[in-house]
1. Looking only at segment 13-55, how many residues end up being within 16 Å of the ligand (Cβ to nearest atom) and part of a loop (DSSP other than H, G, I, E, B)?
2. Let me confirm something: among LYS146, LYS160, LYS97, which residue is over 25 Å from PHE24 (Cα atoms) and surrounded by fewer than 14 Cβ atoms within 10 Å (Cβ to Cβ)?
3. Over 19 Å from VAL64 (Cα atoms), within 17 Å of the chain's Cα centre (by Cα) and within 11 Å of the ligand (Cβ to nearest atom): is that true of LEU170 in this structure?
4. For the structure I just gave you, tell me whether LEU127 is of a type in the set (A, V, I, L, M, F, W, C), at pLDDT 95 or above, farther than 18 Å from ARG80 by Cβ and crowded, with 17+ Cβ neighbours inside 10 Å.
5. Here's a check for you: in segment 149-192, which residue that is modelled with pLDDT under 95 and of a type in the set (Asp, Glu) is farthest from MET1 (Cα to Cα)?
6. Can you tell me which residue among ILE94, ILE81 is of a type in the set (A, V, I, L, M) and closer than 15 Å to ASP16 by Cα?
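The values are calculated or read from the model by the stated rules, or taken from the named source; none is laboratory data. Predicted model only: the values in this text are computed from it and were never measured. A quick note on method: Cβ atoms are made from the backbone with ideal geometry, for glycine too, and the neighbour counts reach across all protein chains shown.
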Amino acid sequence: MFYGKDLRLRAIEREDIPRFLRWFNDPEVRQFVVMHEPLSRAKEEKWFEEHLSRADEIILAIEVLVEDEWTHIGNIGLHRIDLKNRTAVLGIVIGEKNFWGQGYGREAIRVLLRYAFFELGLNRVELETFEFNTRAIRCYEALGFKKVGVRRRAFFRDGKFHNLILMDLLAEEFDGPTDHKARKNSSTLTPA
Ligand SMILES: CC(C)(COP(=O)(O)OP(=O)(O)OC[C@H]1O[C@@H](n2cnc3c(N)ncnc32)[C@H](O)[C@@H]1OP(=O)(O)O)[C@@H](O)C(=O)NCCC(=O)NCCS
């Protein structure tokens, strides 16, 4: 379990699958996710089983405290972890929409980046997002991610092509260890 300010990241469990289905089949959430077809339970169960045996991926549940109960609001992960080149691809979805825009995404990413840079020893984390996903871009930029490229018209949906923005962050640019605000809030990988 990794702890941050007002949230924690835990391993995903088989019992979480119905929530994944609800989130990824919700059009408001799906519009921001690079996926085409509706998701079936069978497909998601297969994906989960395959995930268990993958060494190049870590996917964690984001939980926040709601009236003293840890509540699962989304998932965050590192994909294509490459320990030779020390890179990975970050993905995040807060599926519970009423938790958008409250700083949880930023904090969850910060906690995962601490693990990526200071435990896994990665040197670079990249991600892709739709150009129209201004909330996500703001969130990533606040953590130091830089726009490093555009995959022009790379995704076709609803009769339109969409640009995908490539962003990355190097270990030396991550202010995790010197983030005084975070220290003051005693945000750590273990409970304060
Ligand atoms: C993208 C996501 C992870 C961001 O997490 P979050 O907790 O909502 O974001 P945060 O609150 O940490 O930061 C969002 C920033 O965007 C701003 N923002 C909020 N709503 C916004 C909107 N509709 N448009 C533009 N900016 C917005 C916030 O003010 C904040 O910036 P600020 O701190 O400078 O004021 C989350 O919204 C999400 O999962 N969305 C749906 C799926 C998705 O887009 N996943 C990412 C795919 S690449």
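1. Count: 9.
2. From the options LYS146, LYS160, LYS97, the qualifying one is LYS146.
3. no
4. Numbers: of a type in the set (A, V, I, L, M, F, W, C): yes; at pLDDT 95 or above: yes; farther than 18 Å from ARG80 by Cβ: no; crowded, with 17+ Cβ neighbours inside 10 Å: yes.
No.
5. It comes out as ASP158.
6. Values: ILE81 fails: closer than 15 Å to ASP16 by Cα.
Going through ILE94, ILE81 in turn, the sole match is ILE94.
Residue by residue, here is whether (1) free of Cβ contacts under 8 Å to residues at least 12 places away in the same chain; (2) within 23 Å of GLU63 (Cα to Cα) holds:
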{"site": "LEU90", "(1), (2)": "no, yes"}
{"site": "PHE99", "(1), (2)": "no, yes"}
{"site": "ARG106", "(1), (2)": "no, yes"}
{"site": "ASN123", "(1), (2)": "no, no"}
{"site": "PHE130", "(1), (2)": "no, no"}
{"site": "THR134", "(1), (2)": "yes, no"}
{"site": "ARG138", "(1), (2)": "yes, yes"}
{"site": "ALA142", "(1), (2)": "no, yes"}
